Amino acid sequence: MLKGRSCILMVVWIIVITTASGCDNLRFAPKEIQKQNAYLHNRTIQAAVVKSQKEESSPTLRKLISQAEKQSEVVLAYYGMPREIPDCQKVEDILNEENTSLTNHAYIEASQRPDPWDLADHLLEMSIALSGIAGGVFGGKLMRSLKLARQKSQALREIITGNERFKQQNPVSTTSFKQAHQGQSEATRTIVAALK
């Protein structure tokens, strides 16, 4: 019985931490376009190293570019090599419109974060499935509790979405709306802010 309660507490703790900390801490794994951009960045820095040496730039600038080259290699190692290497053998290739577009698209992809609602929903679904596997009386109680938690999560999502829509549609009432919610605890405010 104690192990089951520990499992429940662990699942609830994971959901609370994930929800309260927001999804800025969570990111999608690098996609092919980010890997291509990391490779392109590395090649850009390598070209800058060669160019700075040919143009007899200051020693400080050469050291900065050399340091940037090492840092770029670390970024590339972290992201991993792309399956398809972008065309970037010459400076003209690096600066072409296709590679500029690749970088812009990689930025958009890299800026995306998981939706906290979807993440919480998936965690609850997984927990419900695990409780079904556990079976028995305890598994059944756990499953009912988790289903109720999922329903409450969906209800909270609908309320917050409706509140945000109301504030957008009624900007004059925003101050009154915020005043009506001043009695919320700090924990509630933190959770709601993270969920927005």
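The values are calculated or read from the model by the stated rules, or taken from the named source; none is laboratory data. Remember, predicted model here, so these are calculated numbers, not experimental data. Virtual Cβ from ideal backbone geometry, glycine too; neighbours counted across all protein chains shown.
Going by the conditions given, is L61 touching a residue at least 24 places away in the same chain (Cβ under 8 Å) and not in a loop (DSSP other than H, G, I, E, B)?
When the stated conditions are applied, L61 does not pass them.
Testing I133 on (1) outside any helix (DSSP H, G or I); (2) of a type outside the set (G, A, S); (3) modelled with pLDDT under 75, one condition comes back false. Which one is that?
(1)
Looking only at region 137-174, count how many residues are surrounded by 13 or more Cβ atoms within 10 Å (Cβ to Cβ), among the basic types (K, R) and modelled with pLDDT under 80.
4
Before we move on, is E84 outside any helix (DSSP H, G or I), modelled with pLDDT of 90 or more and either in contact with a strand residue (DSSP E or B) (Cβ under 6 Å, 6 or more places away or on another chain) or farther than 30 Å from M143 by Cα (or both)?
yes
As an exercise: evaluate P114 against (1) surrounded by 12 or more Cβ atoms within 10 Å (Cβ to Cβ); (2) within 27 Å of the chain's Cα centre (by Cα); (3) assigned to a helix (DSSP H, G or I) and give the number of the one condition it does not meet.
P114 satisfies all of (1) surrounded by 12 or more Cβ atoms within 10 Å (Cβ to Cβ); (2) within 27 Å of the chain's Cα centre (by Cα); (3) assigned to a helix (DSSP H, G or I) except (3).
Here's the yes/no breakdown for (1) within 14 Å of I45 (Cα to Cα); (2) touching a residue at least 40 places away in the same chain (Cβ under 8 Å):
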{"position": "Q71", "(1), (2)": "yes, no"}
{"position": "V75", "(1), (2)": "yes, no"}
{"position": "L95", "(1), (2)": "yes, no"}
{"position": "T100", "(1), (2)": "no, no"}
{"position": "T103", "(1), (2)": "no, yes"}
{"position": "A120", "(1), (2)": "no, yes"}
{"position": "E125", "(1), (2)": "no, no"}
